[in-house]
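Working notes for the structure below.
The values are calculated or read from the model by the stated rules, or taken from the named source; none is laboratory data. All of these numbers come straight from a predicted model, not from anything done at the bench. All Cβ positions, glycine included, derive from the backbone under ideal geometry; neighbour counts span all protein chains shown. Just so you know, the surface numbers come from the protein's heavy atoms only, side chains and all, with ligands and any DNA or RNA stripped out. Shrake-Rupley method; radii C 1.70, N 1.55, O 1.52, S 1.80 Å.
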Amino acid sequence: MTKYSSRYASSPEAVKKYDTQELRNEFLIDDLMQEDEVVLVYSHYDRYITGSAVPVKGDLALETIDPLKAPYFLERREIGIINVGGNGSVVVEGTTYQLGLKDALYIGSGNKEVIFKSEDKNNPAKFYINSAPAHTTYPTVKVSLAEANKLQLGTMETANHRTVNQMIIGSVVTTCQLQMGMTELRPGSVWNTMPAHVHDRRMEVYFYLDIPENQAVCHFMGQPQETRHIWMNNHQAVISPPWSIHSGSGTSNYTFIWGMAGENLDYGDMDVCKITDLR
């Protein structure tokens with residue numbers, strides 16, 4: 001079964017006036033990882049799709065949705081998948097790709113059949129999905145966490161010591177515009193993406209995981225001089241418009257998956273915001 005919803009783009013002037021619930025309605029995705037369902041959220045920021053698939057009782061197929069006006073999901077799209085649950089597999093046009101915990105898979109446009117499977121229904125795979133429009137077809141590639149390009153950023157002194165695992169990115173996989181990776185915070189660190197930045201050429205989505213029980217992450221968004229916050233729990237995602245910062249601080253260390261698409265594939269293309277200038 002597939003469920004989908006759409007989110008329209010909001011201007012920064014409008015967001016300044018949102019109350020807490022309006023902010024959460026527009027940007028928070030809090031219904032992912034539902035058993036035996038494919039859940040998709042279609043954003044009008046760069047036509048980006050965020051979703052999940054959790055096969056338990058049986059396999060799940062990636063089906064097209066009405067906003068695409070396409071006979072199959074990947075007719076004009078590419079997709080990135082990261083497994084955040086038990087062992088599973090993704091079958092692409094008859095070829096099976098085994099995905100363990102935190103393994104990634106890139107699938108290029110033109111593939112009609114994509115099937116999600118779990119090895120053990122008592123410990124099902126939990127596939128996190130990002131998709132963007134694609135103008136060219138590139139090969140399907142699996143990237144394990146060990147194969148990721150790793151960056152060590154931050155320090156313990158500033159509580160943002162973290163490992164950035166670049167997984168679906170130009171130096172590892174060739175894509176049209178989709179980029180994905182996973183950032184793991186070290187014990188004792190709580191800040192992600194600090195100093196904060198914006199990149200008006202790309203939108204981004206964060207998906208938070210490995211948040212301990214009874215802990216949470218406070219995600220910051222908005223223009224640098226008009227910041228807002230959204231409290232988030234495990235396995236929730238948040239949409240970040242191109243004009244918004246995207247940073248967070250947790251009550252414990254945690255992990256998050258970032259995905260983005262837009263004007264270019266330059267990971268370093270960002271406008272850094274001075275910490276003391278944030279408001």
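Computed values, structure above
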read-out: Under 5 Å, built H, 5+ apart or other chain: amide partners of residue 2; value: 38
read-out: Potential lengthening between residue 21 and residue 6 on full extension [0.36 nm per residue; Cα-Cα distance subtracted]; value: 3.7 nm
read-out: Pairwise label distance in nanometres, residue 272 with residue 113, each label 7 Å out on the Cα-Cβ vector; value: 5.0
read-out: Surface/4 estimate of mean projected area, convex hull on alpha-carbon atoms of the range 2-277, nm²; value: 13.7
read-out: Point-to-point label distance, residue 121-residue 152, nm (Cα→Cβ direction, 7 Å offset); value: 4.6
read-out: Sequence-distant aspartates and glutamates (8 or more away, or on other chains) whose Cα lies within less than 14 Å of residue 112; value: 63, 75, 78, 93
read-out: Solvent-accessible area, 1.4 Å probe, carbon plus sulfur percent, for the chain; value: 48
read-out: Heavy-atom accessible area per residue - the chain, 1.4 Å, Å²; value: 42
read-out: Among 208, 48, 18: highest mean-square fluctuation, GNM of the chain, C-alpha pairs under 10 Å; value: 18
read-out: Relative contact order (%) - criterion: Cα under 8 Å, at least six apart; region: the range 2-277; value: 17
read-out: Structure-based [θ]222 nm, the chain - -39500 (n - 2.57) summed over DSSP H runs of at least 4, per residue, nearest 500; value: -1000 deg cm²/dmol
read-out: Entries of 17/274; 3/121; 57/150; 17/102 with Cα pairs more than 30 Å apart; value: 57/150; 17/102
